[in-house]
Amino acid sequence: MNTEQVDVLVIGAGPAGTVAASIVHHAGFKVKIVEKQLFPRFVIGESLLPRCMEALAEAGFIDAVTEKGFQQKAGAKFVKDGEICDYQFADQFTPGYNWTWQVPRADFDKTLADTVGQMGVPVHYETSVTNIVFNGQDSVTTVEDKDGKQTEIAARFIIDGSGYGRVIPKLFNLDRPSTQVPRKALFVHTVDKKRSMADEPNRITIVVHQPGVWIWIIPFANGITSLGFVGNPEFFKQYEGTDEEILRGLIASQPYFAERFEDVEFAFAPKTLESWSATTDKFYGDGFVLTGNVTEFLDPIFSSGVMLATVSSQTAAKLVIRKLNGEAVDWDTEYMQHMMQGVDTFRSYVTSWYEGVLDTIFFSNNQDPLVKSQICSVLAGYVWDLDNPYVKNHETALHKLARTITLRDMVEFGAESGT
Ligand code: FAD
């Protein structure tokens, strides 16, 4: 079997893999990406967060993505029973990017992969990792192409950005069940001819359908809008019929957009995804680091997936460079704990969302502008800014705020009703 020698082998050509590959390549190392599928390929995760722009910029991807003319995203809108809460990233507390993109991922991911290829990183499509043997930090990875031909790649370091493929956790039994409640999504791309009915397309809209069930509306620049229902798997089981019949019935039952999406043309048959949350014991080991979805993916509600994928790769790539240059790296503090700061902040927001705590905050009257700007920063992905109390105290701050709002509303209601 042929054996090729590289400095860094990157598994997966999604946002995690390409960002990491570009940064390590620019430091002068020989990098190679192996990707199981042929691009363009469908993947969900279409609404980005401003914080990922910093990672895309460091990877040198901004110009190529800008040229594609994707829909710009300036905020996030939440809707419940006709009430609207609009967050504009321009109002956020933490300095940083105040916009990003909404992207059909097939096109976006191909743009990143093509760009990293043009930079000089070979991307081998339809090539799957089947085995890895570590000898200290060095490794030999067996890959198989679509014709079944096997080759070996010797590497000084591996960056695993294989997303839902979870290559290293599966090969080395590092996978652990997530503590997140299992959820299911039913989604489609629509030919959105009545888009002008809504104050879009420059934001994601999240509609609360009923407690624990919500809908995403993500308009793209090409006139297609991504629409998805997310809820407990039991919620979907009460409906009979094909996925298309169930989705059309759900659309008709949602007053916020029934008129806009009734009889809308679907660009493909609706898709479902279920129980996507997963985690691992550790995000690193001798000779490898896990980035992106392989580390931990919580829930789609706040569109944190691509941001965490790109930021983890941005962080990991710089540590890999230091390691290959012979410097000491404290992977636990500098990588795992750092990433968990962001993941755990989102975990608190995801939990608060499904508990209804964020409903109380989002749809309250007279939101304090400072607090709103601080929460807005989290929604923009700036979850490492410990000057923001809604990051620093993420475990308690939202519950405290919701209690204060509830008490204030009770007092105001009492004063109005004279009780
Ligand atoms: P991926 O994009 O999955 O890329 C990994 C690549 O690795 C794939 O191309 C795969 O083919 C390749 N691979 C796998 N196995 C192998 C192997 N053995 N050998 C070689 N290559 C391999 N995120 C957002 O930011 N915004 C959203 O709006 C959003 N919505 C979501 C909605 C739902 C219902 C779900 C489930 C997730 C959503 N996400 C969202 C999350 C998003 O899908 C992921 O976080 C994101 O795609 C992670 O990027 P990645 O690069 O880590 O992995």
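The values are calculated or read from the model by the stated rules, or taken from the named source; none is laboratory data. Values in this document were obtained by computation on a predicted structure and should not be read as measured data. Every residue, glycine as well, gets a Cβ built from its backbone with ideal geometry; the counts of neighbours run over all protein chains shown. Ligands, DNA and RNA are excluded from the accessible area calculation, which covers all protein heavy atoms including side chains. Shrake-Rupley method; radii C 1.70, N 1.55, O 1.52, S 1.80 Å.
Among the residues of the range 249-285, the ones that are at pLDDT 95 or above, under 25 Å from the mean Cα position of the chain (by Cα) and assigned to a strand (DSSP E or B) come to 6 in all. Those strands (runs of 3 or more DSSP E) of the range 129-183 in which 3 or more residues are among the hydrophobic types (A, V, I, L, M, F, W, C) occupy 150-160. Close contacts from the range 255-284, counting a first residue that is closer than 20 Å to Lys184 by Cα and a second that is among the acidic types (Asp, Glu) and modelled with pLDDT of 95 or more, with Cβ to Cβ under 9 Å and a gap of 6+ residues or different chains, come to Phe266/Glu244; Ala269/Asp243; Ala269/Glu244; Pro270/Asp243; Pro270/Glu244; Lys271/Asp243; Thr272/Asp243. Of all residues in the range 4-56, those satisfying the criterion of being away from the ligand (no atom under 12 Å from the Cβ) and within 16 Å of Gly287 (Cα to Cα) are Gln5, Val6, Asp7, Val8, Val24, Phe29, Lys30, Val31. Taking strands (runs of 3 or more DSSP E) as the structural unit, those lying wholly within the range 21-123 and holding at least 3 residues that are out of contact with any Gly (no Cβ under 9 Å at 6 or more places or on another chain) correspond to 71-73, 75-80, 83-88. Listed here are the helices (runs of 4 or more DSSP H) enclosed by the range 286-373 that have at least 2 residues being at positive phi, and there are none.
Condition check ((1) over 17 Å from Gly17 (Cα atoms); (2) in contact with a helix residue (DSSP H, G or I) (Cβ under 9 Å, 6 or more places away or on another chain)) across all residues:
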{"position": "Ala106", "(1), (2)": "no, no"}
{"position": "Val116", "(1), (2)": "no, yes"}
{"position": "Glu126", "(1), (2)": "no, no"}
{"position": "Ser139", "(1), (2)": "yes, no"}
{"position": "Glu144", "(1), (2)": "yes, no"}
{"position": "Val167", "(1), (2)": "no, yes"}
{"position": "Phe172", "(1), (2)": "yes, no"}
{"position": "Ser178", "(1), (2)": "yes, no"}
{"position": "Asp199", "(1), (2)": "yes, no"}
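Restricting attention to the range 184-229 and to residues that are polar (S, T, N, Q) and part of a loop (DSSP other than H, G, I, E, B), the residue that is least open to solvent (accessible area, probe 1.4 Å) turns out to be Asn202.
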